[in-house]
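Values in this text are rule-based calculations from the coordinates and carry no lab data. The shown structure was predicted, so the numbers you read here are calculated from the model rather than taken from an experiment. Heads up, the Cβs are rebuilt from the backbone with ideal geometry, glycines too, and the neighbour counts pull from every protein chain shown.
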Amino acid sequence: ALDAIPVVPVGLPLKVNSGATGYEFGTISSDVVKVYSGTGLSGTTINFDNVFTDTYPFYKVHISNGFADSNSGNYMSIRMIDQAGSVRSDSSYNFSRTYAYYNTSSNNGRSSPGMQDGNYGAIAWNGQDGTGVNVELAFHNTRQTGKYTFVNSYGSWYDGANTWSTGIGGIHLKRNEAHRGFQIQDQGSGGANIQISQIQIYGYKN
C-alpha cells in the first residue's frame, strides 16, 4: 500500500515512485524559461548582452516603467548586438509604427502612423512622470545567420504632457547575421539618460 501522502513543498509536483511503494517529488518542466531579470537600470545606453543563445529560437521581453530623464521628443529605441559583441549602429534598420493618443487637457486625440530607415529601431515614445513606458517586445531570428532579425513591439506610455498613448510597431535589421543581445537607448540628439524599473527576458523552446 502507498504511504500517507507527505507534505509537498510549494511548486513541486508529487508522483508515485517507480516501485509503486510510495511517493516522490518530481520536477517542473516549462517551454518558457526566464533568461534575465533586472531592476533599477539606468544609463544613456543599457546593454543586454549574451541573452540570446542557440537554446531558444524565440524571445520575449517585458519592460515596466521605462522612461527618459529628459523628454526631448525622441523615442526609446533598440540596437542589436552582433555575435562578436559589437553594437550594430549603422543605417541598416527599418521600422514602422502606429499609435493612438489622447490628451486629457485638450480632449484631443488621434492615431498616427510612421516609418523610417536609420541606425536604430524605435519601440516607444520616451515616457515620463513615474508612469513611463510599459512595453512587450518579441524577437525573431536572432540566432539565424541567413535571415534578418525582426522585432515586434506593443506598448503604452505617458509622455509627461497630459497625453496617454498606445502603439504597435515592427523593426527589422537588414543584415543576415546572428545576434547575441540588444541595446536600449534614447534615440536622436537628446542623449537622455534612460531608466528601466524592471525588465524580464524569456526564451521559448521549439
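If Lys and Arg each add +1 and Asp and Glu each add -1, what is the summed charge of the other residues whose beta carbon sits under 13 Å from the beta carbon of Tyr56? Don't jump to the answer; show the numbers that get you there.
Details: positive: Lys34, Lys60, Arg143, Arg180, Lys205; negative: Asp31, Asp54.
Residues near Tyr56 contribute +3 overall.
With a sphere of radius 14 Å drawn around the Cβ of Ser42, what net charge do the other residues whose Cβ falls strictly inside it have (Lys, Arg +1; Asp, Glu -1)? Can you show the working numbers first?
On the way: positive: none; negative: Asp69, Asp186.
My count for the surroundings of Ser42 gives -2.
Can you give the extra length, in nm with one decimal, that the chain gains between Ala84 and Ser197 once fully stretched, where that is 0.36 nm per residue apart less the Cα-Cα distance?
Numbers: separation 113, 0.36 × 113 = 40.68 nm, distance 2.85 nm.
Gain in length upon complete extension: 37.8 nm.
Within the set of other residues whose C-beta is less than 14 Å from the C-beta of Leu173, count the net charge using Lys and Arg as +1 and Asp and Glu as -1.
Numbers: positive: Arg79, Arg88, Arg143, Lys147, Lys174, Arg175, Arg180; negative: Asp82, Asp90, Asp117, Glu177.
Result for the local shell: +3.
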Under-5 Å amide H pairs with Asn193, H placed in peptide plane, nonlocal only: Asp69, Ser70
